[in-house]
Every structure is written in structure tokens, then in C-alpha cells.
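The values are calculated or read from the model by the stated rules, or taken from the named source; none is laboratory data. As the structure is a computational prediction, the values presented were derived from the model and not from experiment. Cβ atoms come from the backbone with ideal geometry, glycine included; neighbour counts cover every protein chain shown. SASA here: full protein model, heavy atoms, side chains in, ligands and nucleic acids out. Shrake-Rupley method; radii C 1.70, N 1.55, O 1.52, S 1.80 Å.
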Amino acid sequence: MKKLNNKVAVITGGNSGIGLATARRFITDGALVVITGRNQEALDAAVIDLGDRATGIPSDVTNIEDLDRLFAQVQEQFGQIDVLFANAGIAPLLPCEAVTEEHFDILFNTNVRGLFFTIQKALPLLSEGASVILNASIVAQSGLPNTSIYSATKAAVRSLGRTLAAELASRGIRVNVVSPGLIETPFWDKVGLSKDEVDAFGAQVIQQTPLGRPGRSEEIAATVAFLASDDASYFTGADLVADGGMIQV
Ligand code: NAI
């Protein structure tokens, strides 16, 4: 039997990058997958790509009404959630002196507030033994210049992983964190750096990475699929760092 046979999985930000690769992996492992995103066209394209075991529901994690609508629709269509991957996130990067209130608010609203209320609103639907996975980053444990607010949001995500693991254990729900290193996704087109700056940054990171290359979305998807499955039945509150050794070695 496949590892996620007929499990119902919800992935926020599932139309791109790590979320999309994870949706593909979950489907290969037997799951029924609901992906969310803000852009209907991108969602439709992703669902066509993923096939008939995928459903796309437009939903912005910063909008509580959207989250209510999302989980009402999931309840109606599927009745419960077995796997929740809280993955949606953004990373505009700025040096400390250039950070504005807007920059601060949009990052915390998306990466922390949005992630927290995604989980809170999903709680009534989470089945006994469900697995919740939060997408953080190695920046939660390092001090990378120009990422002050982004890194702070990811440290908050890591913290939520611990507390929610403790709170939800009595329902048999496991909560774990995945912390990717540098992964090649469309994320890097949106951080507010020029292509040359991104390339220079990437080269510097790769130099500090023992495996000597960036990661692939599929490698993070495999880590998330492990945490989602019964193979990880004794993992909760953990943080699996998948970074080619960058901050571990
Ligand atoms: P991506 O840009 O390809 O995907 C981000 C996804 O989040 C997209 O589907 C986007 O539509 C969605 N999203 C953004 N804001 C949203 C909102 N308000 N409501 C709903 N959906 C929203 O980037 P990637 O790389 O796949 O990022 C996914 C997660 O991985 C993020 O949380 C990011 O911080 C994290 N991450 C990425 C790394 C990388 O090097 N690519 C490294 C470490 C962590």
C-alpha cells in the first residue's frame, strides 16, 4: 500500500516551488491533495499539471475569511484533513535600515499570522493521528545579512512547531518543521534582488554548502512526505534541516 494512501492533504502555496513539488510527491504516495494560492490562473495550471487527485482552492493566508472559506470547502468535499503542509511564505529582503512598517507587516502577516491561523482554522478538521508540517528555513538558526524580518518570521515558525506539537499531542496530532537551505524555486525571483545579485548570493551559499549545490524542490518534498507518513510516527516538535550541510557542518 502507498504511504499516504487516500489521505487528504492540504498544502498552502501549493501552486509553485516546494509546495507544488510536495503536491506531486503526495499524489505519487497515494494522497488526495488540496492546493491553495492567491492566483486562480496559477492554481488552475497547477491542478492541470497534477491531475484529478488535486483540487485547487484560491485562498490568501493573510485573509481570515479566505481561510474560513477554504476549510468550509475542504470539509464539504473531503470531511477531514490528514496532512496539513503550512508552506505559503514570502521573502522580500532588505537591509535593516531600509525596513519599513509595510515590509515588517506583510512578512509577519504572511509567514507567521497566516501560518498560525491556517493551522487554527484547520484544527476542527484534523483527524486523529494527523500530521502538520510547517515550512521554516535555515535562516531561523543563522544570521544572514538583509534577512532580519524574514529570519525573525521563520524563527517564530520554528517556535510554533514546538508549542503546537505540545498542545496537539493529546489528539495524536504530530507537528514538525522542515527547514530548507537554498532551494531553486521561483521564490528567488521575488526577493527584490537583481538576477546578478541572486546569482552572487547563490554562489556564496553554495561555497559554504558541503554538498556543493542548491537543493531541489523534490528533495524538500521527500522530507515533507516522510514527516507526513507513518514512517515519522515518533517525530513531533522536530525540525528537519535539509540544507546540504550548510549550517549543520
Ligand atoms: P515560491 O515563491 O515558489 O512559493 C511560495 C508559495 O506561497 C506560492 O505558491 C505563493 O502563491 C504562496 N503564497 C505566498 N503568499 C501567499 C499568501 N498570502 N496566501 C497564500 N499563498 C501565498 O517559493 P518556495 O521556495 O516554494 O517557498 C515555499 C516556502 O519555502 C516559503 O515559506 C519559503 O519561505 C520557504 N523556503 C524557501 C527556500 C528557498 O530557497 N526557496 C529556503 C527556505 C525556506
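The table that follows gives values for the structure above.
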quantity: Evaluated over the stretch 203-243, the Cα radius of gyration and Dmax, each in Å; calculated: 12.8, 37
quantity: Accessible area in the full protein assembly, largest first, 1.4 Å probe, for Thr55, Thr28, Thr153; calculated: Thr28, Thr55, Thr153
quantity: Spin-label pair Glu41/Gln248, simplified geometry with 7 Å Cα→Cβ offset, distance in nm; calculated: 4.0 nm
quantity: Residue among Glu218, Glu41, Glu197 with the largest mean-square fluctuation in a Gaussian network model of the chain, springs linking Cα atoms under 10 Å; calculated: Glu197
quantity: Span from the the stretch 79-97 Cα centroid across to the the stretch 103-129 one, whole angstrom; calculated: 9 Å
quantity: Ellipticity estimate at 222 nm from DSSP helix runs (n ≥ 4, -39,500 (n - 2.57)) divided over the chain, nearest 500; calculated: -12500 deg cm²/dmol
quantity: Expected-Rg normalisation [2.2 N^0.38 Å, Cα atoms] applied to the stretch 111-190; calculated: 1.19
quantity: Computed Rg/Rh of the chain, alpha carbon atoms with Kirkwood Rh; calculated: 0.95
quantity: Rounded to the nearest 20 debye, dipole of the stretch 8-242 from Cβ charges on Lys, Arg, Asp, Glu; calculated: 500 debye
quantity: Ranking by accessible area, most exposed first, for Arg24, Arg69, Arg38 with a 1.4 Å probe; calculated: Arg38, Arg69, Arg24
quantity: For the stretch 239-249, 3J(HN,Hα) per residue [Karplus equation, 6.51 cos²θ - 1.76 cosθ + 1.60, θ = phi - 60°, Hz, x = Gly/Pro]; calculated: 10, 8, 8, 10, 9, x, x, 3, 9, 9, 10
quantity: Semi-axis lengths, Å, the stretch 23-67, gyration tensor of Cα atoms, sqrt of 5 times eigenvalues; calculated: 20, 12, 7
quantity: Carbon + sulfur, % of accessible area of the stretch 8-242 - ligands and nucleic acids excluded, 1.4 Å; calculated: 52 percent
quantity: The chain: most fluctuating residue of Ala169, Ala130, Ala122 per GNM, C-alpha cutoff 10 Å; calculated: Ala169
quantity: Folded to 0 to 90 degrees: helix 64-78 orientation relative to the chain principal axis, Cα; calculated: 40 degrees
quantity: Alpha carbon Rg of the stretch 105-249, scaled by the compact-globule rule 2.2 N^0.38 Å; calculated: 1.09
quantity: Highest-MSF residue in the chain out of Ile220, Ile18, Ile206 [GNM, Cα springs under 10 Å]; calculated: Ile206
quantity: For Ile149, solvent-accessible area (1.4 Å; no DNA, RNA or ligand), Å²; calculated: 20 Å²
quantity: Rounded accessible area per residue of the chain, 1.4 Å, Å²; calculated: 47 Å²
quantity: ³J(HN,Hα), Karplus 6.51/-1.76/1.60, whole Hz, each residue of the stretch 223-232, x for Gly, Pro; calculated: 5, 5, 5, 4, 4, 6, 8, 5, 4, 9
quantity: Helix 195-207 axis, angle to the chain major axis (alpha carbon atoms, nearest 10°); calculated: 90 degrees
